[in-house]
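The structure under discussion appears below in the form of structure tokens.
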Amino acid sequence: MYPYRLSYHPTNTSPTGPDKAQNLSRARIKVLEASRAGARIVVLPECFNSPYGTAYFRQYAETISPSPPSADQSPSFHAMASMAKEAQVYLVGGSIPELEPHPADPDQRKYYNTCLIFSPEGTLIGTHRKIHLCDVTIPGKAHLRESEVLSAGDDITIVDLPEYGELGVAICYDIRFPEVAAVAARKGCFAMVYPAAFSITTGSLHWSILAKARALDNQIYVALCSPARQSQGGHRPWGHSLIVDPLAQIVTEAGEEEDTVMAALSPTVISETRTNIPVYVHRRFDVYKDVSQ
């Protein structure tokens, strides 16, 4: 069972530019800062090592399987493993574009949006491939079709942190599908973590309400971690990394700029919430299906 207080940092890193090495170096600085401030779990944003967008996924993709890859195959894998070990934290490594080669036919290779989770020893302990691809059009404001390049993952990801408990991990658009968090919570997760890069259009509409909804539905903590806002060109992330408690209250929230926010997660808050508003007891699986089964 996780302790009474768990320091937990989603990190609004600076807008990611075209220099992967520079992006990785900046992420290391922020992870170490979070560790020095007392963090035990640190979260990086979606596509923290590269610009976000279908034009960049192939260019920045790295081969991470079979694990461990070589440093040439995946410099980001080795950078994150090193960060986690140096900082002595559990690192939810945002996401990176992943290439799954096809040995016989290069045309059959696949690309994924993938989150790697590392232990304080620098060991890979979890991998999440984004399940739901973001194919969204808001006329005159936003258009994105991840499925033009990416393939979808097939698994809900739950990572065991021995000192703390079970942590659910998903990516960005996955938060719009309540079943993912419901399954994770029913299987014992104390929190859901979503590295994400909502645009200023979708972020202004739904960012905080989705985090609150997933927390409220399942009476768990929810964290969303975004890149900081960039002022011009390309994809413009919403920013506003935040943590929401089991009562759907925002505990802490960043602004648009680069920042690191912190919260202490309490099992007492979870248990008191579930005692006072006992939806776990009142669910009627004789009437509707338990999605976790």
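Computed from the coordinates by the stated procedures, all read-outs in this text should not be read as laboratory data. On a predicted model such as this, the values are computed, not experimentally measured, just so you know. Ideal geometry is used to build each Cβ from the backbone, glycine not excepted, and the neighbour counts take in all protein chains shown.
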- prompt: What's the extension gain from Ser292 to Glu257 if we count 0.36 nm per residue and subtract their Cα-Cα distance?
  reply: 8.8 nm
- prompt: Using the beta-carbon distance between Ala21 and His282 and R0 = 41 Å, what value does 1/(1 + (r/R0)^6) give for FRET efficiency, to the nearest 0.05?
  reply: 0.20
Principal-axis tilt of helix 200-218 within the chain, Cα atoms, nearest 10 degrees: 40
query: Per-residue ellipticity at 222 nm for the chain, helices alone: DSSP H runs ≥ 4 residues times -39500 (n - 2.57), over residue total, nearest 500 deg cm²/dmol?
result: -8000 deg cm²/dmol
- line: Computed over the stretch 148-285, the distribution of all Cα-Cα distances in 5 Å bins, rounded to whole %, is 2, 10, 19, 22, 19, 14, 8, 4, 2, 0
Compactness of the chain as Cα Rg over 2.2 N^0.38 Å, two decimals: 0.95
task: Can you tell me the order of 243-256, 58-71 when each peptide is scored by its average per-residue count of other Cβ atoms within 10 angstrom, highest first?
output: 243-256, 58-71
statement: If one builds a Gaussian network model of the chain from Cα atoms under 10 Å apart, the most fluctuating residue listed among Arg214, Arg145, Arg283 is Arg283
³J(HN,Hα) computed for each position of the stretch 150-161 - Karplus, 6.51 cos²θ - 1.76 cosθ + 1.60, integer Hz, glycine/proline x: 8, 9, 8, x, 10, 10, 7, 9, 10, 10, 8, 9
field: Relative contact order computed over the chain (Cα-Cα under 8 Å; 6+ residues apart), in percent
entry: 20
